[in-house]
Amino acid sequence: MESLERAAALIAGAERLVVFTGAGMSAESGVPTFRDALTGLWARYDAQALATPEAFAADPALVWGWYEWRRELARRVRPNAGHEAIARLEHATVITQNVDDLHEQAGSKNVVHLHGSLFAPRCSACAAPAEQGAQGDPPACESCGNPVRPGVVWFGEALPVDALEKAVEAAANADVLITVGTSGVVYPAAEIPQVTARMGGTVIQVDPEPTPLDPICTVTLRGTAAGVLPQIIR
Ligand code: BJW
Ligand code: ZN
């Protein structure tokens, strides 16, 4: 296919490559995307409504339980062929919105987490990192006794400054950015591929569905991460 060849040539010729990933990146590993309907136990909850400080304040046990369930899931899953292809790009900066560690598991070395991690719970009051395996629903902070919260970025919260700065700088300097499996509706993360495009870089998109990022992409490949990435990263 012509656009596959074009994407492969752009990637092969890139000097400063960035890969920007969203929930679709991990879908084929068995992690549900954000805007998919939730399954099973959580089917009656809206993921967007649970990922807020207000939800945690109103029902800490519910929100903590949801993240515990996702942490267990994330522990069981393995990187897919898309993560593995990206890990072959040894010099790329990987900017992810995902809170799993599948890029690291696949061997990517330079991973920036814009929305935090499932594996870094911290105190909701003093920010002290929580002890691994602390018990409670949610556990109480060892230093101040306040509830421990997941180490992720909820709606209305600022992104970690160091991660955002690193991401913006890498995107601004990139000659090629590959955006994979993100609906491109959550800001400021959705700015990242737009920064590359504005600075004159080339944006390649891999996603089975149309997204608001379509207009800024030089090449869009309508397929899945595990299906397409191994064909364009050679
Ligand atoms: C496949 C596939 C396969 C399927 N292969 N692809 C400007 C305009 C409008 C609103 C705002 C704005 N600026 C800020 C806002 C408010 C808000 C926001 O953006 N709201 C919009 C929804 C309207 N943003 C915020 O609140 C942010 N904070 C902020 O702005 O703070 C300001 C501030 C400054 C200073 C002090 C205080 C405050 C924070 C946003 C945090 C987002 N957090 C979440 C939860 C993280 C923790 C967790 O995981 O629980 O991040 S929400 C959720 O969305 C999660 C994701 O990272 C994020 C993005 O979702 P993603 O990855 O794109 O997933 P999906 O499901 O949407 O899409 C999947 C895609 O994959 C689809 O396209 C599929 O087709 C595709 N796909 N299978 C490849 N196999
Ligand atoms: Zn504390």
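Could you tell me whether segment 35-108 comes out rounded, prolate or oblate from its Cα gyration tensor? Rule is a ≥ b ≥ c as square roots of the eigenvalues, rounded for a/c under 1.5, then prolate if a/b exceeds b/c, otherwise oblate. Walk me through the numbers before you get to the answer.
Numbers: a/c = 2.69, a/b = 2.22, b/c = 1.21.
Prolate.
When the Gaussian network model of the chain links Cα atoms closer than 10 Å, the mean-square fluctuations of L213, L62, L159 top out at L62. The convex hull built on the alpha-carbon positions of segment 122-234 has an orientation-averaged projected area of 9.5 nm².
Quick one: Cα centre-to-centre distance for segment 114-145 and segment 1-80, in angstrom? The distance from the Cα centre of segment 114-145 to that of segment 1-80 comes to 21 Å. Among the trypsin sites (Lys or Arg not before Pro) in segment 1-105, those located in a DSSP loop and surrounded by at most 11 other Cβ atoms within 10 Å of their own Cβ are R44.
Helical content alone sets the calculated 222 nm signal of the chain at -9500 deg cm²/dmol, taking -39,500 (n - 2.57) per DSSP H segment of four or more residues and averaging over every residue. Run the quick spin-label model on A172 and R44: label points 7 Å from Cα toward the beta carbon, then report their separation in nm to one decimal. The modelled label-to-label distance comes out at 4.9 nm.
Counting Lys and Arg as +1 and Asp and Glu as -1 over every other residue whose Cβ lies under 12 Å from the Cβ of R234, the net charge comes to 0. For the chain, a Gaussian network of Cα nodes joined below 10 Å ranks E157, E84, E68 by mean-square fluctuation, and the top entry is E157. The charge dipole of the chain, taken about the Cα centre with unit charges on the Cβ atoms of Lys, Arg (+1) and Asp, Glu (-1), comes to about 280 debye, rounded to the nearest 20. Just checking the listed ones, A190, A74, A58: in the Gaussian network model of the chain with Cα springs under 10 Å, the one fluctuating most is A58.
Can you give me the convex hull volume of the Cα atoms of the chain, divided per residue and expressed in Å³? Please list the in-between numbers first.
Values: hull volume 27.7 nm³, N = 234.
Once divided by residue count, the hull of the chain is 118 Å³.
Simple rule: put +1 on each Lys or Arg Cβ and -1 on each Asp or Glu Cβ in the chain, find the dipole, and look at A58, P208, P160; the Cα lying farthest toward the positive end is P208.
Any read-out appearing in this document is the output of simple, stated calculations on the displayed coordinates, not a laboratory observation. None of the values given here were measured: they were computed from a predicted structure. FYI the Cβ positions are ideal-geometry reconstructions off the backbone, even for glycines, and counts take in every protein chain you see.
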